[in-house]
Amino acid sequence: MNQQQGSNRISSGLIAAISATIVAVGGGVAWFVSNSNNQSTVPSQQQTNTPTQSLVGNEKTAQIYWLQDSGTSFKLVPQQIQVAANRNQPNRFLEAAFQRLLEGNAQGDNSTTIPSGTKLLGVDVENGSVRVNLSEEFSKGGGSASMMGRVGQVVYTATSLNPNAKVYIDINGKPLDVLGGEGVELEQPLTRESFNQDYQL
């Protein structure tokens with residue numbers, strides 16, 4: 001009998017020890033799982049915010065050029081705009097700037113002589129030169145003053161990243177040598193300096 005009671009006590013003690021161990025291990029596992037879930041939530045929130053921050057970072061300031069009537073002549077005036085492109089990608093940056101210019105939404109007393117419907121077919125920036133390819137609408141309509149005004153707008157907008165860049169203007173992929181019905185001849189490449197010397201607004 002005594003031996004039986006002794007073995008019962010041992011069994012009860014052993015069961016109690018095992019139960020305590022299971023409870024402790026279970027609690028530890030629950031704590032670990034809970035902390036793991038909390039840690040995995042933080043990175044997912046950071047990842048959600050990243051695209052918004054990158055979009056804001058891509059908004060850069062560009063300059064497009066309009067014409068302003070001084071009474072006796074026109075002058076080229078810049079407008080600061082925000083474009084969703086990076087200066088380190090000059091092709092895309094100038095493409096975005098030209099798209100805004102060709103929309104023709106001049107502010108205040110400023111105007112444009114670029115014909116409505118003119119489309120940008122491409123911009124290529126390479127080795128200090130900028131080649132702007134425009135649709136045929138660019139070369140139609142207006143007198144010599146209008147022609148010079150639109151050329152000036154293109155030259156100055158194209159050189160907004162590099163004021164000393166050489167500008168080539170193409171119409172449907174072909175160099176623009178003669179502009180409009182009045183036969184205004186263009187000597188390409190054009191620069192800001194050569195435009196100011198050779199052409200008057």
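The values are calculated or read from the model by the stated rules, or taken from the named source; none is laboratory data. Keep in mind that what you see is a predicted model, and the values were worked out from it rather than measured. Neighbour counts run over all protein chains shown; Cβ positions are idealised from the backbone, glycine included. When the accessible area is computed, the model is the full protein with side chains, heavy atoms only, and any ligands, DNA or RNA have been set aside. Shrake-Rupley method; radii C 1.70, N 1.55, O 1.52, S 1.80 Å.
Remarks
- Answer residue from the stretch 155-201, given it is free of Cβ contacts under 8 Å to residues at least 40 places away in the same chain and β-branched (V, I, T) and is surrounded by the most Cβ atoms within 10 Å (Cβ to Cβ) among those: I169
- Single match in G128, G173, G141 (criterion: on the phi > 0 side of the Ramachandran plot and over 31 Å from the mean Cα position of the chain (by Cα)): G141
- Among (1) at pLDDT 95 or above; (2) charged (D, E, K, R); (3) closer than 12 Å to R150 by Cα, the one test that D124 misses: (3)
- Note on the stretch 80-119: among residues that are more than 17 Å from the chain's Cα centre (by Cα) and more than 20 Å from F138 (Cα to Cα), the one that is most open to solvent (accessible area, probe 1.4 Å) is D109.
- Considering only residues in the stretch 120-129 that are over 20 Å from E103 (Cβ atoms) and free of Cβ contacts under 8 Å to residues at least 60 places away in the same chain, the one that is surrounded by the most Cβ atoms within 10 Å (Cβ to Cβ) turns out to be V125.
- Residue check, F74 over 20 Å from K174 (Cβ atoms), open to solvent by 30 Å² or more (accessible area, probe 1.4 Å) and in contact (Cβ under 8 Å) with a residue 60 or more places away in the chain: yes
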